[in-house]
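Report on the structure given below.
The values are calculated or read from the model by the stated rules, or taken from the named source; none is laboratory data. The structure displayed is predicted, hence computed values, not measured ones. Cβ sites come from the backbone with ideal geometry, for glycine too, and all protein chains shown count toward neighbours.
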Amino acid sequence: MTATIIDGKAAAARLRAKVAEEVKQHHYVKPGLAVVLVGADPASEVYVRNKEKAVLEVGMASFPHHLPASTTENELLRLIDTLNADARVHGILVQLPLPAHINAEKVLEHISPRKDVDGFHPVNAGKLAVGQNALVPCTPLGCMILLRETVPDLPGLNAVVVGRSNIVGKPIAQLLLQADCTVTITHSKTKNLAEVCRNADILIAAIGKPEFIKGDWIKKGATVIDVGINRITVDGKTKLVGDVAFQEAVQVAGAITPVPGGVGPMTIACLLANTLKAALTT
Ligand code: GUN
């Protein structure tokens, strides 16, 4: 038997349509998102353009700020001051990575937690950890939506998270815990990783290593959420692969997200949902 392929593109389209509908309903406020890009990293430019386009498509206002790589940390902090004070701007996203001369942590902490649609501010991370209403990072939020659609009954299941980043691993572990899963967070120092993974009813792969998780690490019938987006070259051609060896995993898992077309499309849809939430709660 082969796994059900979880269609992230379709789920993202449904969420975008829902957000667009709610934007229409709440016509007295036009949600606005400011996307700040410093420098000209080609991948970041593509991500930022996609975000700005998606914002307009759901009827929100876009406030793009594309700054040169020479922008100083102080100039960036002053821009964030302006955006924090601008009532038309409900969400602020500073695209990462920032140039090396800028302290990213300092910049992210300068964003008002109420406008922190990435959910990276320590106030939002802390609220998530103690179970308070927070702006939650977009990729983990997207993973949970796909997971809930695939596995309606989460309480008590063994969830293993591979990766402990602040952006994905840690927040998704918090969300799984809130959903009453039994959560294990693993990382590069974990002993017997394959064995730990084999115990997972839900396996979240978020380590950024192409096809690192093999088919025989997966429990039969498990749900596999692959957060990885890795560009590799095969026979001179570049292609995108996840953190899971998909062709092997699909033979064992009960359900699995593909790369591309799984978690990826959910991230922007959740950014729109977070922007709407920020607009309606300020
Ligand atoms: N760079 C890569 N992914 C992200 C993201 O989700 N948010 C921001 N701000 N930058 C990123």
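Condition test on Ile213, is it within 20 Å of Arg148 (Cβ to Cβ) and β-branched (Val, Ile, Thr)? Considered against the rule, which asks whether it is within 20 Å of Arg148 (Cβ to Cβ) and β-branched (Val, Ile, Thr), Ile213 comes out as no.
Name, by its number, the condition in (1) in contact with a helix residue (DSSP H, G or I) (Cβ under 7 Å, 6 or more places away or on another chain); (2) modelled with pLDDT under 95 that does not hold for Asn84. Exception for Asn84: condition (2).
Just one of the numbered conditions (1) more than 30 Å from Tyr28 (Cα to Cα); (2) within 15 Å of the ligand (Cβ to nearest atom); (3) in contact with a strand residue (DSSP E or B) (Cβ under 6 Å, 6 or more places away or on another chain); (4) among the aliphatic types (A, V, I, L, M) is not true of Ile92; which one? So Ile92 meets the others, but not (1).
Which of the residues spanning segment 11-61 are in contact with a Leu (Cβ under 9 Å, 6 or more places away or on another chain), among the β-branched types (Val, Ile, Thr) and more than 22 Å from Asp86 (Cα to Cα)? Val19, the sole residue that qualifies. Identify, from the list Asp180, Asp226, Asp153, Asp201, the residue that is acidic (Asp, Glu) and closer than 26 Å to Gln95 by Cβ. Checking each option against the conditions leaves just Asp226. In the set (1) loosely packed, with under 14 Cβ neighbours inside 10 Å; (2) assigned to a helix (DSSP H, G or I), the condition left unmet by Pro155 is number (2). Taking strands (runs of 3 or more DSSP E) as the structural unit, those lying wholly within segment 179-266 and holding at least 1 residues that are surrounded by 15 or more Cβ atoms within 10 Å (Cβ to Cβ), touching a residue at least 60 places away in the same chain (Cβ under 8 Å) and under 24 Å from the mean Cα position of the chain (by Cα) correspond to 202-205, 223-226.
Would you check which residues across segment 19-61 are surrounded by 15 or more Cβ atoms within 10 Å (Cβ to Cβ) and free of Cβ contacts under 8 Å to residues at least 40 places away in the same chain and list them? Listed by number, the residues that qualify are Ala20, Glu52, Gly59, Ala61.
Okay, residues lined up against (1) surrounded by 17 or more Cβ atoms within 10 Å (Cβ to Cβ); (2) of a type outside the set (Phe, Trp, Tyr); (3) within 30 Å of Asp180 (Cβ to Cβ):
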| site | (1), (2), (3) |
| --- | --- |
| Ala69 | no, yes, no |
| Ile80 | yes, yes, no |
| His121 | yes, yes, yes |
| Leu128 | yes, yes, yes |
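The set of residues in segment 137-185 that are among the small types (Gly, Ala, Ser) and within 16 Å of the ligand (Cβ to nearest atom) comprises Gly142, Gly163, Ser165, Gly169. When each of Ala85, Ala13, Ala40 is tested for being under 19 Å from the mean Cα position of the chain (by Cα) and of a type in the set (A, V, I, L, M), the lone residue that passes is Ala13. Answer yes or no: is there a residue in segment 69-82 that is away from the ligand (no atom under 13 Å from the Cβ), within 17 Å of Lys277 (Cα to Cα), over 18 Å from the mean Cα position of the chain (by Cα) and in contact (Cβ under 8 Å) with a residue 24 or more places away in the chain. For segment 69-82, residues away from the ligand (no atom under 13 Å from the Cβ), within 17 Å of Lys277 (Cα to Cα), over 18 Å from the mean Cα position of the chain (by Cα) and in contact (Cβ under 8 Å) with a residue 24 or more places away in the chain: absent. Answer yes or no as to whether Lys51 is within 15 Å of the ligand (Cβ to nearest atom), among the charged types (D, E, K, R) and over 30 Å from Gly221 (Cβ atoms). Yes; evaluated as a whole, the condition is true for this residue.
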